[in-house]
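Heads up, the thing below is written out as structure tokens.
The values are calculated or read from the model by the stated rules, or taken from the named source; none is laboratory data. On a predicted model such as this, the values are computed, not experimentally measured, just so you know. Methodologically, a virtual Cβ is constructed for each residue, glycine included, from the backbone with ideal geometry; neighbour enumeration extends over all protein chains shown. Ligands, DNA and RNA are excluded from the accessible area calculation, which covers all protein heavy atoms including side chains. Shrake-Rupley method; radii C 1.70, N 1.55, O 1.52, S 1.80 Å.
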Amino acid sequence: MRTILVSGGAGYIGSHTVRLLLEEGYRPVILDSLVTGHLSSALPEVPFFKGDIADGLLVRNIVQDLGIDAVIHFAARSLVGESMQKPDLYFHENTAKTNLFISALLSAGVKRVIFSSTAAAYGIPEQVPIPEAAATIPVNPYGASKRMIEQSFPWLEKAYGLEWISLRYFNAAGALFDGSLGEHHTPETHLIPLILRTALGRQEQISIFGTDYPTPDGTCIRDYIHVLDLAKAHILALAALEKGVGSGVFNVGTGSGHSVREVIETSRKITGRNIPVLECPRRPGDPAQLVAEADKIRTTFNWSPGYSSLDQIIESAWAWHRKNPDGFPH
Ligand code: UDP
């Protein structure tokens, strides 16, 4: 059985991936600082280390004591707005610490890493859907902090034989369909959780950030991808590295997008609740459209999204929000 160290395994995408790893016959081990992650009762009972990815001694001990075969590295800060306010925090937490983490892994003999990257690596796209080969000129420190790690990978591959896959997520969304595990950020800035909190009466209205974009209804278009489809992409990426498919960057998105208004309309339909909106100015740094060209991951990994219709995403997220209107208890 292969043992996989999952950094950030108590976070949103990490926790769903840990569950899927178990289902697929892997042995996941979690390393999480719990700064933004949660020890939820829905998190499976697997070896858990509370600690920092930059703690080289801890990382080497985990690798040696548990016999780690590969790593899925989620642990990171991920709020674009916060990264604009505190770029140094993002370069420290995401870039510097990841570099230390990978050095410790390599020195302990781990050569396979799946990395959480982001569509924010592209910045304002020149063409949509966005192919992996598009220019990467991030427009926020969050995207830059991830892109710098991607840029280090080919050098680490050359020098030490690192085998790596970087998954550029588009808009992760949705939850387990029974509502037992889902998305909880503090503060919450993402569209779908905020809409559903409005549906629950936890906030008065949902702000629409910009109604004058060059899109059919004037609001931004994003490629929403269900967290279970994202989790599956990691399992397939691991399998690809095991098969020697080779290192590289892959978009993880559906290839089609939905506008902010469309997401609100679908949420009204699914929740049956009134969701008041407030039309606001644009939010700085938001590209009009971010939609993945998803052919590479489909053909290379034989991956395809199974749960990423807007209805399925919102139904599952609604199940989570109704069961956990205040999120995780801690
Ligand atoms: N958005 C919005 N109101 C909100 C939060 C987000 O209109 O309260 C818009 C945002 O401008 C973007 C889209 O919804 O166009 C998705 O934003 P989110 O923060 O969920 O993800 P991002 O695309 O920034 O990663």
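The listed residues are L57, L39, L34, L21, and the only one of them that is open to solvent by less than 40 Å² (accessible area, probe 1.4 Å) and of a type in the set (A, V, I, L, M, F, W, C) turns out to be L21. When every residue of segment 259-275 is checked against the conditions, none turns out to be over 19 Å from R322 (Cβ atoms), assigned to a loop (DSSP other than H, G, I, E, B) and open to solvent by less than 70 Å² (accessible area, probe 1.4 Å).
Return yes or no: is H16 open to solvent by less than 10 Å² (accessible area, probe 1.4 Å) and in contact (Cβ under 8 Å) with a residue 40 or more places away in the chain? Yes: the conditions hold for H16. Any residue that is assigned by TED's automatic domain parsing to the domain that holds L66, out of contact with any Ser or Thr (no Cβ under 8 Å at 6 or more places or on another chain) and not small (G, A, S) - is there at least one of those in segment 160-168? The answer is yes; a qualifying residue exists.
For segment 103-125, filtering for residues that are closer than 19 Å to H234 by Cβ and open to solvent by 40 Å² or more (accessible area, probe 1.4 Å) leaves 2. Selection within segment 294-310: residues that are touching a strand residue (DSSP E or B) at 6+ places or on another chain (Cβ under 6 Å) and open to solvent by 60 Å² or more (accessible area, probe 1.4 Å). The member of this set that is farthest from the ligand (Cβ to nearest atom) is K296. Among helices (runs of 4 or more DSSP H) entirely within segment 20-131, having at least 3 residues that are within 26 Å of G244 (Cα to Cα) and of a type in the set (A, V, I, L, M, F, W, C) singles out 56-66, 97-107. Scanning segment 126-152 for residues that are farther than 28 Å from I235 by Cβ and open to solvent by less than 30 Å² (accessible area, probe 1.4 Å) turns up N140, P141, A144. The set of residues in segment 271-291 that are touching a Phe, Trp or Tyr at 6+ places or on another chain (Cβ under 8 Å) and either basic (K, R) or away from the ligand (no atom under 12 Å from the Cβ) (or both) comprises T271, R282, R283.
Figure legend. Inter-residue proximity from segment 165-187: first residues within 25 Å of I149 (Cα to Cα) and of a type in the set (A, V, I, L, M, F, W, C), second residues open to solvent by 10 Å² or more (accessible area, probe 1.4 Å) and in a loop (DSSP other than H, G, I, E, B), beta-carbon distance below 7 Å, spacing 6+ or different chains. Indicated pairs: I165/S247. Considering only residues that are more than 25 Å from I314 (Cβ to Cβ), β-branched (V, I, T) and outside any loop (DSSP other than H, G, I, E, B), which ones fall in segment 243-258? Matches in segment 243-258: V249 only.
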